[in-house]
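Beneath this line is the structure, given in structure tokens, with notes to follow.
Here, each number is a calculation from the coordinates, and none is a lab measurement. In this text, all values refer to a predicted model and were calculated from it rather than measured experimentally. Because the Cβ atoms are built from the backbone with ideal geometry, glycine has one as well, and the counts that use them run over all protein chains shown.
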Amino acid sequence: MAGYIKNWNAQQIKNQLWSAYLTCTDARQDGFTTWPIKQDLYRIKWMLDDMLRRCPTYSLEPEWLKEQEQNRILDILKNEK
């Protein structure tokens, strides 16, 4: 088996997802436009949940996940002000 070659860019994926979100939450758009986009977001979420569930757990992963969750909580609290 050949070595892994990363041929994708996480920032580009994030940008595309952000674009879908912005379109889906745009009050000027109708449900005929936004519902299929939201369905795509659900399909992507379910696919990622399944992939992550099947991946092994790494030794640094629990600590990293805890730090990320704390950062998310802080961001939520900052945005509520």
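At a glance:
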{"item": "Cα-based helix-to-principal-axis angle, 61-79 vs the chain, degrees rounded to 10", "result": "30 degrees"}
{"item": "If the convex hull is drawn through the Cα atoms of the chain, its volume per residue in Å³", "result": "151 Å³"}
{"item": "Gained length - N79 relative to D50, 0.36 nm times residue gap less alpha-carbon distance", "result": "7.4 nm"}
{"item": "Stretch gain in nm, segment Q39-W64, where the contour uses 0.36 nm per residue and the Cα spacing is subtracted", "result": "6.0 nm"}
{"item": "Whole-Hz ³J(HN,Hα) from phi, Karplus 6.51 cos²θ - 1.76 cosθ + 1.60, for segment 23-38, glycine and proline x", "result": "5, 5, 9, 6, 4, 7, 8, 9, x, 5, 8, 8, 4, x, 5, 5"}
{"item": "Candidate aspartates and glutamates - alpha carbon under 17 Å from K66, same-chain residues fewer than 8 apart omitted", "result": "D75"}
{"item": "Farthest positive-ward along the chain dipole, Cα basis, beta-carbon charges - from L74, L22, Y58", "result": "L22"}
